[in-house]
1. In this structure, does GLN137 turn out to be without any contact (Cβ under 8 Å) to a residue 12 or more places away in the chain and in contact with a helix residue (DSSP H, G or I) (Cβ under 8 Å, 6 or more places away or on another chain)?
2. Would you call PHE170 at pLDDT 95 or above, open to solvent by less than 40 Å² (accessible area, probe 1.4 Å) and not in a helix (DSSP H, G or I)?
3. Name the residues in the range 48-61 that are in contact with a helix residue (DSSP H, G or I) (Cβ under 7 Å, 6 or more places away or on another chain) and open to solvent by 10 Å² or more (accessible area, probe 1.4 Å), would you?
4. How many residues are open to solvent by 10 Å² or more (accessible area, probe 1.4 Å) and within 14 Å of the chain's Cα centre (by Cα) if we restrict to the range 106-116?
5. Identify, by number, the condition in (1) within 16 Å of ligand 1 (Cβ to nearest atom); (2) out of contact with any strand residue (DSSP E or B) (no Cβ under 6 Å at 6 or more places or on another chain); (3) of a type in the set (A, V, I, L, M) that LEU189 doesn't meet.
6. Condition test on LEU103, is it on the phi > 0 side of the Ramachandran plot and under 20 Å from the mean Cα position of the chain (by Cα)?
7. Between a residue in the range 257-269 that is closer than 16 Å to GLU147 by Cα and any residue that is within 9 Å of ligand 1 (Cβ to nearest atom), which pairs come within a Cβ distance under 6 Å, given they are 6 or more apart or on different chains?
8. Which residue, of GLY66, GLY79, is at pLDDT below 95, open to solvent by less than 20 Å² (accessible area, probe 1.4 Å) and within 16 Å of ligand 1 (Cβ to nearest atom)?
Amino acid sequence: MPNFLDIDRTDPGVLRQIIDQAAGMKARRKDWPRGRPDPEAPLAGRMVALIFEKPSTRTRVSFDVGIRQMGGQSLVLSGNEMQLGHGETIADTARVLSRYVDLIMIRTYEETTLLELAEHATVPVINGLTNRSHPCQIMADILTFEEHRGPITGKRVVWCGDGNNVCASFIHAAAPFGFHFTFSGPEPLDPDAEIVAAARHEGAEIVVERDPWKAVEGADLVVTDTWVSMHDPASTRERRHNQLRPYQVNTKLMQHAGPQALFLHCLPAHREEEVTSAVMDGPQSAVFDEAENRLHAQKAVMRWCLGV
Ligand code: CP
Ligand code: NVA
């Protein structure tokens with residue numbers, strides 16, 4: 001089944017094909033009204049379920065708009081309004097939804113929910129974020145980097161902050177896309193050691209540098225994300241802020257990185273916490289192109305899943 005569950009579970013050739021197709025589809029739509037359908041309407045007659053167990057702006061809107069542009073139809077479902085949130089098993093939910101729709105995207109908490117859904121569904125499943133990873137985001141990030149700076153292969157990507165789900169998907173992407181990855185954050189918030197070991201096993205260069213100033217020197221891309229993710233208990237907020245404050249991406253840090261460094265953030269951002277407004281709105285930032293590219297990247301992901 002052509003599921004899009006994680007970058008490290010997807011063939012590197014397919015990943016490259018998705019990025020290239022996304023870039024092509026984006027170019028063809030340049031300056032078109034948002035609601036004009038793509039000429040080939042590859043999703044005509046297809047029904048897609050979008051399930052959200054956590055809040056979302058970008059994922060929700062970009063998938064929905066992408067499906068409509070490709071001539072398909074979408075159902076946006078919130079987990080707690082489904083029987084899924086009231087005791088029906090994930091396996092039964094997967095079997096039932098597979099009788100109604102052609103493709104399922106889910107944003108959930110535990111990775112096991114995603115994997116169980118994919119195991120029992122007879123239609124493809126897309127990961128729209130779990131506590132552990134966010135692969136669609138990193139596809140959009142690579143598309144964005146390459147638009148601004150050319151091929152990402154051989155480039156230096158530096159993550160400043162929490163070793164969270166978005167960071168994990170960057171680490172997954174390091175081997176298949178051939179970029180160097182440096183994690184710079186406090187030890188208690190290191191990325192999952194198994195994910196790092198697996199990436200190294202695949203040939204990726206993954207470096208840990210506790211000093212953010214050293215880490216960003218000469219970087220091609222500096223990335224950060226919120227200090228408190230949706231699945232993190234509110235009680236950890238103060239501790240996390242104290243641990244992560246030295247890793248704030250501000251103008252001084254970006255200047256230290258150098259003018260070649262692009263800045264990305266998956267959003268939503270907490271301005272003046274993990275990143276300052278001066279960086280977010282500054283000349284090195286491509287965060288709104290990045291948000292737009294969720295649309296183009298996911299359209300190509302959905303086409304691959306459906307083989308259309
Ligand atoms: N970046 C991202 O996934 O944003 P949303 O939470 O708004 O979907
Ligand atoms: N790390 C963040 C990403 C949000 C898109 C979270 O999981 O809340």
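1. No, not satisfied.
2. It is false that PHE170 is at pLDDT 95 or above, open to solvent by less than 40 Å² (accessible area, probe 1.4 Å) and not in a helix (DSSP H, G or I).
3. Once the filter is applied, which keeps residues that are in contact with a helix residue (DSSP H, G or I) (Cβ under 7 Å, 6 or more places away or on another chain) and open to solvent by 10 Å² or more (accessible area, probe 1.4 Å), the range 48-61 yields PHE52, GLU53, ARG58.
4. Residues that pass the stated criteria total 1.
5. The failed condition is (1).
6. No, not satisfied.
7. As it stands, the answer is LEU264/GLU290, since those pairs meet every condition given.
8. It is GLY79.
The values are calculated or read from the model by the stated rules, or taken from the named source; none is laboratory data. The model shown is predicted, which means the values in this text are computed figures rather than measured ones. Don't worry about glycine lacking a Cβ; one is built from the backbone with ideal geometry, like all the others, and counts go over all protein chains shown. These accessible areas exclude ligands, DNA and RNA; they are computed on the full protein's heavy atoms, side chains included. Shrake-Rupley method; radii C 1.70, N 1.55, O 1.52, S 1.80 Å.
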